[in-house]
Structure formats: C-alpha cells, structure tokens
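See below for the structure under consideration.
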Amino acid sequence: MEVVEQALEAGHKVTAILRQPDKFPIRHEQLRIIKGDVLNPLTYENTFFGIDIVISCLGTRNREATVVYSQGVSNIMQAMQKVDIDRIICISAGAVEIAPNTSFLMRFLIKNILQKLFKYSYADMLLMEGVLLGSNLNWTVIRPPRLLNGDRTGKYRTSINEFIPHMSTLTRADLADFIIHHLDDEKTYKSKVEISY
C-alpha cells in the first residue's frame, strides 16, 4: 500500500494488481485497480500496455512451501517481455543470506531462528533472485530487514551488491520511499540492494 500511495503522491500513474481489490483502501483518479492472481498468467493479459516499470511487492503470510515469489515473478517477466518492458523492482529479504562479518550471536539467530522459521519463503525468494539474475531485464532486488509500520523518515542506509553491517529494522514507508526515488536509477540495475536503519 505504501508504494502505491507514494507513487501517486509523486505524480505517477499506477496500476495495482490485487487478489482482493475490495480490501484495498486507496482510490485515486491516477490509480487503476485490477483483480488478479500472480500465479495465473492470464492475470497479465493486456494489463502491461503503457507501463514503464513493474514493482513486485509479493508476499505470503503462511510458512508453508510456496512458489509465489519464483513463479509469480516468472509470470510477470513473461508478460513484461511481450510488451518490451525491461525494468522490474522486487522485494526479497535481508536474512536470505548471512553477511560474512555478522557477529556470532546474530549469525546464530538468523540461521537457527529466522532461516528456519521462514525457510520456505526464503528458499523461494532465492529462486526468484536466480530467475531475475538469468534474465536480460534491468532488475533490482531489494533486501530489507524486519519491516515495521511507521512513518517515512527518508533516513536509512543502503548498499548495492554488498552486505550492510548490523541490519536492524525499516518501516514499510521508508522501503517505499527508496523504491519511488530509485525507479530508474541505473546504479541499481541488475543489482541487489540492502537497506536498513
């Protein structure tokens, strides 16, 4: 929701594909809402015409095996290529990999708690990253830490293709702030970006 809200605020025309549009609270003259399912390729038939950039905010709340990231993004990519869109931004997670300089305690917590708790989601996120890596698209994978509700501050650390030491938390509003300010930032093309306070 934050990405849509901030994109509209910045003056962009936005198309949002949602499983449950009736539960989405934003309505705007520059917003087109489409009911769809990321795992159904027919969702994207005639949807991407006139679109310049795709932002994938896919997620799942259950901890069961999933293909929502890998298969979902594969479906999106196929639809993009049909209409010559080459820019996509996807959200992954900071804990899918452990930075080499991570402290023993934090390494233990990530490996034995986070990576076990979210093992299916993280595994599928890594598959998604691999799919993007093998494509010819100008992709950016953003790896945030634990996301919180809260205000947009515009103050956070980022690193392109390198680990951020001591990742902590980030608000969804600041994640959206980074996305909207780097829609066409060529320095982030074909790159993984870590972001954190």
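The values are calculated or read from the model by the stated rules, or taken from the named source; none is laboratory data. Keep in mind the model is a prediction, meaning the values are calculated, not measured. Note that we place each Cβ from the backbone using ideal geometry, even for glycine, and neighbour counts take in every protein chain shown. Side chains included, ligands, DNA and RNA excluded: accessible areas come from the protein's heavy atoms. Shrake-Rupley method; radii C 1.70, N 1.55, O 1.52, S 1.80 Å.
Quick notes
- Considered as a group, the residues in the range 164-183 that are of a type outside the set (S, T, N, Q) and modelled with pLDDT under 95 include one that is least open to solvent (accessible area, probe 1.4 Å), and that residue is Ile164.
- Count of residues meeting criterion [of a type in the set (Val, Ile, Thr), under 22 Å from Ala123 (Cβ atoms) and not in a loop (DSSP other than H, G, I, E, B)] in the range 45-78: 2
Yes/no per residue for (1) free of Cβ contacts under 8 Å to residues at least 60 places away in the same chain; (2) touching a Phe, Trp or Tyr at 6+ places or on another chain (Cβ under 7 Å); (3) surrounded by fewer than 17 Cβ atoms within 10 Å (Cβ to Cβ):
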{"position": "Glu2", "(1), (2), (3)": "no, no, no"}
{"position": "Glu5", "(1), (2), (3)": "no, no, no"}
{"position": "Ile17", "(1), (2), (3)": "yes, no, no"}
{"position": "Arg27", "(1), (2), (3)": "yes, no, yes"}
{"position": "Gln30", "(1), (2), (3)": "yes, no, yes"}
{"position": "Ile33", "(1), (2), (3)": "yes, yes, no"}
{"position": "Asp37", "(1), (2), (3)": "yes, no, yes"}
{"position": "Asn40", "(1), (2), (3)": "yes, no, yes"}
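- Just one of the numbered conditions (1) farther than 29 Å from Glu5 by Cα; (2) surrounded by fewer than 17 Cβ atoms within 10 Å (Cβ to Cβ) is not true of Arg146: (1).
- Just one residue in the set Val4, Val73, Val14 is in contact with a strand residue (DSSP E or B) (Cβ under 7 Å, 6 or more places away or on another chain) and farther than 25 Å from Gly150 by Cβ; that residue is Val73.
- Only one of Ile85, Ile98 that is at pLDDT 95 or above, of a type in the set (A, V, I, L, M), surrounded by 15 or more Cβ atoms within 10 Å (Cβ to Cβ) and within 30 Å of Ile164 (Cβ to Cβ): Ile85
- Test: residue in the range 116-127 that is assigned to a helix (DSSP H, G or I), open to solvent by less than 20 Å² (accessible area, probe 1.4 Å), touching a residue at least 12 places away in the same chain (Cβ under 8 Å) and touching a strand residue (DSSP E or B) at 6+ places or on another chain (Cβ under 9 Å): yes
- Applying the set (1) over 28 Å from Thr158 (Cα atoms); (2) open to solvent by 30 Å² or more (accessible area, probe 1.4 Å) to Ala79 leaves exactly one unmet item: (2).
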